[in-house]
Amino acid sequence: MSCFVMTLSMHGPTQCTITSKISSNKLICLSPSSAGFRPVGENDIISNTAPTPTVRMRIYKANDQEANNVDLGELLTLKIEMEQASAFAIFARNLEARTDNGELMTLIDNIGCPRYPNIFPELQVEDRTKHLFGNFKAFRFPSTARVNFVATVRFCQEECPPVSVNEERVA
């Protein structure tokens, strides 16, 4: 059996990292500005005021139930969700699987491409909700059954530009 944990890490006022845990934690990435708080993204220019979406990462089983405990090899879906309708879209990169013992595996690289597509695929966008999702089979590290997922999320206006996955970059 494996289980998952989610937390939120802020790296200064302009960097937000989501760490997956099965819970109802509300995750928000904000940056102070003269007009209040705004979403943070590389080279994003926000020229309009819109409510900042609340973002969360969850793991779901094949029956669409939130996963707390899973079996090795069980089909799962990792979702990065915005809790409400928004003018923003989201993009994730630097998705990593980690353990409390310091083991780490990069699943999605710093550009947004899958590092090991056989283990974890490219994140897809749900058209209706703008949520990101990826289907994968439950895995574990040799030292522990607990796996933590961490990702950096970027906000874009309406739609994030697609990433061109270079097959040679994928290991």
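Answer with yes or no whether Gly73 is in a loop (DSSP other than H, G, I, E, B), buried (at least 17 other Cβ atoms within 10 Å of the Cβ) and modelled with pLDDT of 90 or more. No, not satisfied.
Going by the conditions given, is Ala89 of a type outside the set (Lys, Arg) and over 23 Å from Val165 (Cα atoms)? Let's see the steps before the verdict.
Numbers: of a type outside the set (Lys, Arg): yes; over 23 Å from Val165 (Cα atoms): no.
It is false that Ala89 is of a type outside the set (Lys, Arg) and over 23 Å from Val165 (Cα atoms).
For region 76-92, the candidate set comprises residues that are out of contact with any Phe, Trp or Tyr (no Cβ under 7 Å at 6 or more places or on another chain) and in contact (Cβ under 8 Å) with a residue 60 or more places away in the chain; within that set, the residue that is surrounded by the most Cβ atoms within 10 Å (Cβ to Cβ) is Ile80.
Looking only at residues in region 137-164 that are assigned to a loop (DSSP other than H, G, I, E, B), more than 20 Å from Leu78 (Cα to Cα) and of a type outside the set (Asp, Glu), the one that is modelled with the lowest pLDDT is Ser164. The test for being modelled with pLDDT of 85 or more and of a type in the set (S, T, N, Q) holds for Gln65. Cβ-Cβ distances below 6 Å connect the following pairs, each with a first residue in region 93-111 that is at positive phi and surrounded by 12 or more Cβ atoms within 10 Å (Cβ to Cβ), a second residue that is in a loop (DSSP other than H, G, I, E, B) and not hydrophobic (A, V, I, L, M, F, W, C), and a separation of six or more residues or different chains: Asn94/Asn110. For region 145-160, the set of residues classified as surrounded by 14 or more Cβ atoms within 10 Å (Cβ to Cβ) and over 11 Å from the mean Cα position of the chain (by Cα) consists of Ala145, Arg146, Val147, Asn148, Phe155, Cys156, Gln157, Cys160, listed by residue number.
The values are calculated or read from the model by the stated rules, or taken from the named source; none is laboratory data. Since the structure is predicted, the reported quantities are computational estimates derived from the model, not experimental observations. Note that each Cβ is placed from the backbone with ideal geometry, even for glycine, and that neighbours are counted across all protein chains shown.
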